[in-house]
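The structure appears below as structure tokens.
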Number of protein chains: 2
Amino acid sequence: MAQASVPFTLAVDAMGGDNAPKIVLAGLETALIHHPKIRILLIGDEEILNQSLKNYPRLSAACTVRHAPESIPMDMKPTAALRVRGSSMRAAMEAVAAGEARGVVSAGNSGAMLALAKIIVKALPGISRPAMAAVQPSARGDVVMLDLGANIVCDARNLVEFAIMGEAFAQATLSLKAPTIGLLNVGSEDLKGDERLRQAAERLRDSVLADSFHGFVEGHDITAGVTDVVVTDGFTGNVALKTGEGALKLALGLLRHVFQTNWLTKLGYMLVRPGLRRMREWIDPSRYNGAVFVGLNGIVVKSHGGADAEGFASAVDVAIDAVENTLNDKIRHRLEQLGMLGQPVEAKEQE
Amino acid sequence: MAQASVPFTLAVDAMGGDNAPKIVLAGLETALIHHPKIRILLIGDEEILNQSLKNYPRLSAACTVRHAPESIPMDMKPTAALRVRGSSMRAAMEAVAAGEARGVVSAGNSGAMLALAKIIVKALPGISRPAMAAVQPSARGDVVMLDLGANIVCDARNLVEFAIMGEAFAQATLSLKAPTIGLLNVGSEDLKGDERLRQAAERLRDSVLADSFHGFVEGHDITAGVTDVVVTDGFTGNVALKTGEGALKLALGLLRHVFQTNWLTKLGYMLVRPGLRRMREWIDPSRYNGAVFVGLNGIVVKSHGGADAEGFASAVDVAIDAVENTLNDKIRHRLEQLGMLGQPVEAKEQE
């Protein structure tokens, strides 16, 4: 999906994730096959990294190692993580803030990542709440959903910002010219939901986003692919994301039983195996690895902590697509059109 | 699941649903096979009903027809529905309020049903917010989830009430002695979520429900069957319910493609067909038809508007189980233990 472009640097937190730095290095080695021009600022324990790099020739050629004495544990509270001055994650964020790197990728602690990104990389002017966005499978193809958990309580303005960021994200990572946007609700009628949702819908209908705004969508519309972008608050988005993944897991689990019943069903399995593999790939969460904290002065991508090398590589792809397809310029452009650039940033959590 | 007991009457709105009264009558005819002692107060257009009843001998023998000149359209707003004095749905609720029937079943307009139930059947003393509860499939068996959409905004007390009602519902309809209860959140750690959730969790931990309260659960825990009951607000519950159903539908849709690829995959299908049928039945929403508006002075069951006769029959089963297994007595008992019977009922919608 990435386009030819001038080389740029990505800062990578080599110490984040369940199997760091091994998975991180292997993932980068894979990602560099398709992106030979990218430079990597590899941040972590210098000694460990320089030793391991021997096994990754492409990465060794493309990266600069920067030492960071500490790393943030996966279970550390964000407030505590902010106090770890020498962490590899913080150093990666600082590289973006300093303009040394266009984006950062980490498989580390999400809460810590969001907190550090907000404080060091900082929100785009006009964005009051950076959000977590990612791509989900649907019957019609990929669907962008946000917020996936960055903001538990949101107001109408936050939802409008999410719509802007979601549209830009779909354009940048799914290469859609004019993605359609849906606002997640308990029904599609205009009167459904709470005041906050009705206000957000009204603002979108009266804006330059009117043509792309489909209106309210329901839970089943996400996997049906009714819209390219699904906008919701971080609480609902997080629950919907995990509920959908859980349901698909249930279906695959039941399917396994079906095929393991007896030798006839096992033969049946042999006959449909290629198709089943395609089906699993279609709905495999790791294929969708790489959530973006959108609305920041740089591209901040979160890889799943338990992702394998392939998974980490796709998170790196997401970061590269976002940079090359100018995700943030697209967001700035919309904020400008909507006259939201100047508006004061609300920080309070209201309903 | 139903136990032998004294005969009682169910009021049935014969005119509610997409294919009323045909599906309603056929469903009742089926339900009566397993519940020969039940009496049915069949409410709707007398002329139409008396004509159609000829084809349903068991129902004819078990029912009394009551004329209602009007019926509530599926798309009518609740406020408007409340003004339709002669509706079959209202008459069914009145029969419960008057003590003529122990419960009501309708496949009609949900919003209208909830509004009429609150005004005519009325909430149990101590319950500030009746909720919509239903059973969902999981890898470990059936799971009760509530609220599924009756209350869009909820406070900590509402969630505690839902936990009480969910436990009683699981005992009455799933015959579980000591069901476990989970509070739906974005993470399982105590500090996750908003104040409302942390307060509800605290109240449950300090109550007689402490042993059954598992703590916070996440979206994927619903289909994993981590707890027997999943408690959440009506907005999140409605989204989670529909997202899960949508994801299962996506999986089955992709599976259809897999088997239709070529003659070999079609042969494969023949070999696993029985297992696939069991799998579809396991996750088939119609098997779970029959949502209960819990927390009312009577059993109020909502059948899906598009349910077939089998589906309507299972909604009737749910109503019968709830009555015979004394769902409301179980709720009253817990409210008593929790000292919530006397507490003033909050009506305001706060966050």
Checklist line | region B:1-74 - Kirkwood radius from inverse mean 1/r over Cα pairs (Å) | finding: 12.6
Notebook entry, point to check: Among A:163-174, B:34-45, what's the highest-first ranking by average C-beta atoms within 10 angstrom per residue?
Noted result: A:163-174, B:34-45
Next item on the list: Would you please give the residues with an amide H less than 5 Å from that of B:T9, counting only those at least 5 places away or on a separate chain, with H modeled from the backbone geometry?
Entry: B:R39, B:R102
Notebook entry, point to check: What nm distances, shortest first, do you get from the label point of B:E70 to those in the other copies when the point sits 7 angstrom along Cα to Cβ?
Noted result: 7.0
Next item on the list: Would you mind calculating the relative contact order of region B:221-315 from Cα pairs under 8 angstrom and at least 6 residues apart, reporting the percent as a whole number?
Entry: 16
Check: Say a label goes 7 Å from Cα toward Cβ at A:V6 in every copy; what distances in nm does this one have to the rest, shortest first?
Finding: 8.7
Check: What order do you get for A:91-98, B:316-323, B:328-335 when each peptide is scored by the mean count of other beta carbon atoms within 10 Å, highest first?
Finding: B:316-323, A:91-98, B:328-335
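Per DSSP helix of 4 or more residues, -39500 (n - 2.57); summed, then divided by the residues of chain B. What does that give at 222 nm, rounded to the nearest 500?
Rounded to the nearest 500, it is -14000 deg cm²/dmol.
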Notebook entry, point to check: Which whole number gives the average, over all residues in A:226-239, of C-beta atoms from other chains lying within 10 Å of the residue C-beta?
Noted result: 4
Margin query: With an 8 Å Cα cut-off and a minimum separation of 6 or more residues, compute the relative contact order for chain B in percent.
Written below: 24
Notebook entry, point to check: In terms of modelled amide H atoms, which long-range or inter-chain residues lie less than 5 Å from the amide H of B:G306?
Noted result: B:D18
Notebook entry, point to check: From the Cα gyration tensor of the protein assembly as shown, with a ≥ b ≥ c the square roots of its eigenvalues, which class applies: rounded if a/c is under 1.5, or else prolate if a/b is larger than b/c, or else oblate?
Noted result: prolate
Next item on the list: Provide a whole-number value for the mean count of partner chain Cβ atoms within 10 Å of the Cβ atoms in peptide A:260-268.
Entry: 4
Next item on the list: With 29 Å as the limit, write out which pairs from A:K54/A:K302; A:K302/B:K192; A:K22/A:K77; A:K54/A:K330 have Cα-Cα distances beyond it, or answer none.
Entry: A:K54/A:K330
Checklist line | Shielding of A:213-222 by partner chains, average beta-carbon count, 10 Å | finding: 4
Next item on the list: Report, to the nearest whole %, how much of the accessible area of chain A belongs to carbon and sulfur atoms, 1.4 Å probe, protein only.
Entry: 53
Check: If you take the accessible area of B alone, add that of A alone, and subtract the area of the pair, what total do you get in Å², probe 1.4 Å, to the nearest 100?
Finding: 4100
Notebook entry, point to check: Cβ under 11 Å from B:I23's Cβ, B:I23 left aside: what net charge do those residues give with Lys, Arg +1 and Asp, Glu -1?
Noted result: -3
Item checked: For B:N297, net neighbour charge (Lys/Arg +1, Asp/Glu -1) across residues whose Cβ lies under 11 Å away -> +4
Notebook entry, point to check: Where does each of B:111-122, A:285-296, B:47-58 land if you order them by average Cβ count within 10 Å, highest first?
Noted result: A:285-296, B:111-122, B:47-58
Notebook entry, point to check: How many nanometers, to one decimal and shortest first, lie between the label point of B:R205 and those of its other copies, if labels sit 7 Å from Cα toward Cβ?
Noted result: 4.4
Next item on the list: Quick one: net charge around B:R273, please, counting Lys, Arg +1 and Asp, Glu -1 for every other residue with C-beta under 12 Å from its C-beta.
Entry: +4
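The values are calculated or read from the model by the stated rules, or taken from the named source; none is laboratory data. The structure displayed is predicted, hence computed values, not measured ones. Glycine also receives a Cβ, built like all others from the backbone with ideal geometry; neighbour counts cover every protein chain displayed. To get the accessible areas, we keep the full protein, side chains included, count just its heavy atoms, and leave off ligands, DNA and RNA. Shrake-Rupley method; radii C 1.70, N 1.55, O 1.52, S 1.80 Å.
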